[in-house]
Amino acid sequence: MIEFGKFYQQIALGPLASWLEVLPAQLAAWQRENLHGHFRNWQKTVDNLPLLTPQQLDLQQRVSADRDDLSERQRQGIEKLLRNLMPWRKGPYSLYGTHIDTEWRSDWKWDRVLPHISPLTDRTVLDVGCGSGYHMWRMVGAGAALVVGIDPTQLFLCQFEAVRKLLGGDTRAHLLPLGIEQLPELKAFDTVFSMGVLYHRRSPLDHLFQLKNQLVSGGELVLETLVIEGDEHDVLVPGERYAQMRNVWFIPSAPALSRWLEKCGFVDVRIVDFSRTSTEEQRRTDWMTTESLADFLDPHDSSKTLEGYPAPLRAVLVARKP
Ligand SMILES: C[S@@+](CC[C@H](N)C(=O)[O-])C[C@H]1O[C@@H](n2cnc3c(N)ncnc32)[C@H](O)[C@@H]1O
């Protein structure tokens, strides 16, 4: 059974305490509505995983954990349970001999982001749209005091809780099954990440305001999203689909996105990275066996999506709330 009581206790006396006015009721409602179907089975899988304290733990260079005293049978049992939680999209994870080769090399994204942001040491961090929480563990590895991720997708919560158990029940990171629109204006996080979310939002400027409302004064926003090439006037509004995704609303150029950030009141806006998503970074694997990027690109011209739009280009922007 996934519970949030420890998190409530942890934030009760700190800067996130005011969240307790709404959060327990929101999550209780969520739990009442999610008592059935796949979620129940995924929860059982999490329950069946052992709570293991790693003897070797690395959250700085990768997410990996191991112990010397596990039998081959125990290792196989762990792999079998982790496979019940497929598809695994964000990772990779290396857990007691099981290498979860996820659809995405999320570690490559982290390597592009980390050199450009303020050190996370002792910071309180929010990761909006955190997926299975891969980057959250890397944030812990980079020294964050507390990392809160929000993501409304049930499977990702179960994957996160499975990994947490195999990391010894680490309470430096917590995933809450919420959408950004459910957050009150907490103004309490030192760093807020929004990675891979903006283009899914119907109102991207409202998204930027929502992110700003989570930051303390002087706090840092780290924004990673799809962009197009172009100047501050260029924004792509795709038709029904972009790279087969139905829920892509706006893809601005990086200069246009900088302007949006400034318009929303951010300062010191920096474009720190561009990267064309490759079919090595996003691909079908043994842990995500359905279609992936190669199937979403024009087979005759990989610089275009199937729909004829520019193939995925991503940018990282960093900005400060005054
Ligand atoms: C493309 S993934 C990005 C995952 C991860 N941040 C990364 O960069 O690899 C977008 C994530 O946003 C989540 N999401 C969808 N709607 C959301 C919402 N309203 N609020 C927060 N997250 C949301 C999805 O479940 C999904 O995990």
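The values are calculated or read from the model by the stated rules, or taken from the named source; none is laboratory data. What you see is a predicted model, and the numbers here were worked out from it, not measured in a lab. For neighbour counting, all protein chains shown are included, and Cβ atoms are generated from backbone atoms with ideal geometry for every residue, glycine included. For the accessible areas, the whole protein counts, side chains as well, though only heavy atoms, and no ligand, DNA or RNA atoms are used. Shrake-Rupley method; radii C 1.70, N 1.55, O 1.52, S 1.80 Å.
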Next item on the list: Search the structure for amide H atoms under 5 Å from the amide H of Val272, placed 1.01 Å from N in the peptide plane, and list their residues when 5 or more places away or on another chain.
Entry: Val316, Leu317, Val318
Checklist line | For q = 0.23 Å⁻¹, Debye-computed log10 I/I(0) when each Cα of region 210-300 counts as one equal scatterer | finding: -1.22
Note to self: I want to verify the translational diffusion coefficient of region 55-150 in µm²/s; compute it with Stokes-Einstein, Rh as the Kirkwood radius over Cα pairs, at 20 °C and 1.002 mPa s.
What the structure shows: 150 µm²/s
Notebook entry, point to check: Could you give the dipole magnitude of the chain about its Cα centre, charging the beta-carbon of Lys and Arg +1 and that of Asp and Glu -1, in debye to the nearest 20?
Noted result: 520 debye
Notebook entry, point to check: Given a 1.4 Å probe and every protein chain left where it sits, what share in percent of the accessible area of the chain is carbon and sulfur?
Noted result: 49 percent
Item checked: Solvent exposure of the chain as accessible area per residue, Å², 1.4 Å probe -> 44 Å²
Check: Can you give the Rg to Rh ratio of region 58-108, both from alpha-carbon atoms, with Rh computed by the Kirkwood formula?
Finding: 0.99
Check: List the GluC sites (Glu not before Pro) in region 1-45 that DSSP assigns to loop (not H, G, I, E or B) and whose Cβ has at most 13 other Cβ atoms within 10 Å. Which are they?
Finding: Glu3
Next item on the list: Enumerate the amide H contacts of Gly149 below 5 Å, restricted to partners 5 or more residues apart or on another chain; note that Pro and chain-start residues carry no placed amide H.
Entry: Asp127, His174, Leu175, Leu176
Next item on the list: Could you please state, rounded to a whole Å, how far the C-alpha centre of region 154-188 is from the C-alpha centre of region 12-70?
Entry: 6 Å
Checklist line | Calculated [θ] (222 nm, deg cm²/dmol) that DSSP helices of n ≥ 4 give over the chain, each run adding -39,500 (n - 2.57) | finding: -8500 deg cm²/dmol
Notebook entry, point to check: Quick one: Karplus J couplings for region 75-88, per residue in order, coefficients 6.51, -1.76, 1.60, θ = phi - 60°, nearest Hz, x for Gly and Pro?
Noted result: 5, 5, x, 5, 4, 4, 5, 5, 5, 5, 9, 5, x, 9
Checklist line | Estimated vicinal HN-Hα couplings, Hz - region 132-137 in sequence order (Karplus 6.51, -1.76, 1.60; Gly, Pro = x) | finding: 6, x, 3, 5, 4, 5
Next item on the list: In whole Hz, with x marking every Gly and Pro, tabulate ³J(HN,Hα) for region 141-154 from phi via Karplus 6.51 cos²θ - 1.76 cosθ + 1.60, θ = phi - 60°.
Entry: x, 8, x, 4, 6, 8, 10, 10, x, 10, 6, x, 7, 4
Margin query: Given the chain, report the % of alpha carbon pairs whose separation exceeds 33 Å.
Written below: 25 percent
Notebook entry, point to check: Amide H neighbours of Gly219 under 5 Å, counting only residues 5+ apart in sequence or on other chains, H built in-plane at 1.01 Å?
Noted result: Lys321
Check: On alpha-carbon atoms, Rg over Rh for region 276-322 using Kirkwood Rh?
Finding: 1.15
Item checked: For region 1-116, alpha-carbon Rg over 2.2 N^0.38 Å -> 1.30
